[in-house]
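For reference, the structure is listed below as structure tokens.
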Amino acid sequence: MKIARNFVLYATLIVVFGGLIFYLLHAGKTFDHSVSPFVGTAKSIPDSGGFFSGLYKVNLQEALPRLLLQIIIIIILTQLLGWLFKKIGQPAVIGETVAGIILGPSLLGLLFPDIFHFIFPVESLPNLRFLSQIGLILFMFIIGMELDTRLLRKQAFEALIISHASILIPFTMGVFLSYYLYHTYGQTDFISFALFMGIAMSITAFPVLARIIRDRKLTDTKLGNLAISCAASDDVTAWCILAILIALIRSGSGMNGFFVVTMVLLYVFIMLVPVKKMLNKIQAAYEKGKIAYNGLMAIMYSLMLLSSWCTEVIGIHALFGAFLAGIVIPKKDGLQKKIIDRISDVSMVMLLPLFFVYTGLRTNAGILNNSGLWISFLLILVCAVAGKFGGSTLIAKVLGQNWNDSLSIGALMNTRGLMELIVLNIGYDMHIISADIFSMMVLMALLTTMMTNPVLNWIERRKIKSQIRVPG
């Protein structure tokens, strides 16, 4: 009985108010002599070609539907290839980067140019770029939070030497290589080009290295702790050098450069001392219940964005500000983990893959089509491996590590991954490196990162064989 009564009430509402709306609209036709200010502002679907053809020509080519389509395709492909590459013993970042190259001009654009230009038209790339930059800002904020600064304070002098050697040796080789590359590929002054090539050769992907160590159950071993300490110091040092390099390139030489570097050092001091003290007080207030969780997250997001804005205005990249903001977040009582858990899903799953594809769209793997380019690429690859892998291995051996551990440290420090791609995109955006050098360096980053697990497996087999040979 109650159901029937509710149905009658519902039907009455529809009929009465629906009829009233229809009558008012019909009666209002008498007002049609006035011109609406909105006429002509909306796009109408053309009659020719049918409804669906018109729908395609208008709606699917709007910025928002196109961006949503791009994000859907990117998330699906990056997750799929990331999963596949993990199955074959490679870091997921390799699969995600390969997904970007597949969707770029190297494969999709080559085999299916019409589909490629429909999904990724040139006019849509700025939207993809800005979203990917937000993803990178969130990612660098997470990396800063995950970086245990206690490792830098407590690390042995041995780790400091290996870390700085793994920067100095490849940096020198990168500058030396610039003498050959600059004449063909240089598009800025030599000093900027050479310094950037040096820093690009020196990068170690701290998050990828940490994940490899965790996956191989080396976290609590002497080798794992030494490698993590080296990578942490390498990461901070390399990003500081890059920040100063960007500041000098953007400001020019002389007093402008000196002023910008001074501003950078002042900003770092402000973040590490007064801002860090303020965050400790905010954490204490949160623990006492004086600040709600959403309020705390609002403060953390604001800090991250404000820090990114400040470093961009000063003259270095916004990513450095996000990284520094992550470093000063209090790392105790689970606060750090709560913040990371809150933002990592959106950053790592939805926004960061946009960066891989944006990088892939700028990479042309087909550039290696003549002997000159092949020679340049092989020289880049040899210098990268010899400087990072060879340099770290030799220094570790000189410091008293056995050959197996020395080789393992060299293989881990040779992991470049996502951090290298970030640096390369900065250089490309600033017109320090050309499209050819950018593509060759991206391929180098892929190959050197892919080397890590196979080399570590070979070292493990070598270690087992040497133990078998030793009489028990």
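Coordinate-derived values only; no laboratory data. As the structure is a computational prediction, the values presented were derived from the model and not from experiment. In this analysis, Cβ positions are derived from the backbone assuming ideal geometry, glycine residues included, and neighbour counts consider all displayed protein chains.
Which entries of LYS277/LYS337; LYS332/LYS463; LYS217/LYS397; LYS86/LYS337 show an alpha-carbon separation above 31 angstrom in the structure shown? Mind showing how you got there, number by number?
On the way: LYS277/LYS337 19 Å; LYS332/LYS463 38 Å; LYS217/LYS397 23 Å; LYS86/LYS337 24 Å.
Over 31 Å Cα-Cα: LYS332/LYS463.
For helix 335-345, what angle does its Cα long axis make with the longest principal axis of the chain, in degrees from 0 to 90 and rounded to 10?
Tilt of helix 335-345: around 60 degrees.
Given Cβ point charges of +1 (Lys, Arg) and -1 (Asp, Glu) and nothing else, what value in debye, to the nearest 20, does the dipole of the chain about its Cα centre take?
On the way: 37 positive and 24 negative charges, 341 e Å.
Charge dipole of the chain: 1640 debye, to the nearest 20.
What are the ³J(HN,Hα) couplings of the range 12-19, residue after residue, when phi is run through the Karplus curve with 6.51, -1.76, 1.60 and θ = phi - 60°? Round to Hz, x for glycine and proline.
Taking θ as phi minus 60°, the curve returns 4, 4, 5, 5, 5, 6, x, x Hz for the range 12-19.
Excluding the sites themselves, what is the longest stretch of the chain that contains no trypsin sites (Lys or Arg not before Pro) in a DSSP loop with at most 12 other C-beta atoms within 10 Å? Provide the component values of the computation, followed by the final result.
Working: sites that count: LYS43, LYS217, LYS288, LYS290, LYS332.
The longest uninterrupted stretch comes out as 44-216.
Relative to the present Cα-Cα distance, how much length would full extension add between LEU272 and ILE291 at 0.36 nm per residue of separation? Present the calculation step by step, with values, prior to reporting the outcome.
Working: separation 19, 0.36 × 19 = 6.84 nm, distance 2.27 nm.
Taking LEU272 through ILE291 to full extension adds about 4.6 nm, to one decimal.
Starting from 0.36 nm per residue, how many nanometres of slack lie between ALA11 and LEU60 once their C-alpha separation is accounted for?
Working: separation 49, 0.36 × 49 = 17.64 nm, distance 3.75 nm.
The ALA11-LEU60 span can extend by a further 13.9 nm.
How much length, in nm to one decimal, is gained on full extension between ARG250 and LEU265, taken as 0.36 nm per residue of separation minus their Cα-Cα distance?
Numbers: separation 15, 0.36 × 15 = 5.40 nm, distance 1.63 nm.
Working it through step by step, the gained length comes to 3.8 nm.
Hey, rough spin-label estimate for PHE190 and LEU379, points 7 angstrom out along Cα→Cβ, what's it come to in nanometres?
Label-label distance for PHE190 and LEU379, simple model: 1.4 nm.
Once both labels are modelled 7 Å past Cα along the beta-carbon direction, what's the ILE161-GLN79 spacing in nm?
With each label placed 7 Å out from Cα toward Cβ, I get 4.8 nm.
Can you list the HN-Hα couplings for the range 104-110, worked out from phi with the Karplus curve (6.51, -1.76, 1.60; θ = phi - 60°), rounded to whole Hz and with x for Gly and Pro?
Whole-Hz 3J(HN,Hα) from phi for the range 104-110: x, x, 5, 10, 4, x, 7.
Assuming R0 = 60 Å, can you tell me the calculated FRET efficiency for the pair ASP341 and HIS26, based on Cβ-Cβ distance, to the nearest 0.05?
Numbers: r = 56 Å, r/R0 = 0.94.
Using R0 = 60 Å, I get an efficiency of 0.60.
Between LEU168 and ILE3, what is the label-point separation in nm under the 7 Å Cα-to-beta-carbon projection?
So the label points at ILE3 and LEU168 sit 8.4 nm apart.
Rounded to the nearest 500 deg cm²/dmol, what is the calculated helix-only ellipticity per residue at 222 nm for the chain, with -39500 (n - 2.57) per DSSP H run of length n ≥ 4? Walk me through the intermediate numbers first.
Numbers: 23 runs with 357 residues, N = 472.
Using -39500 (n - 2.57) per qualifying helix, the result is -25000 deg cm²/dmol.
Rounded to the nearest 10 degrees, what's the angle between the helix 63-87 long axis and the longest principal axis of the chain, both from Cα atoms, 0 to 90?
Roughly 40 degrees, rounded to the nearest 10.
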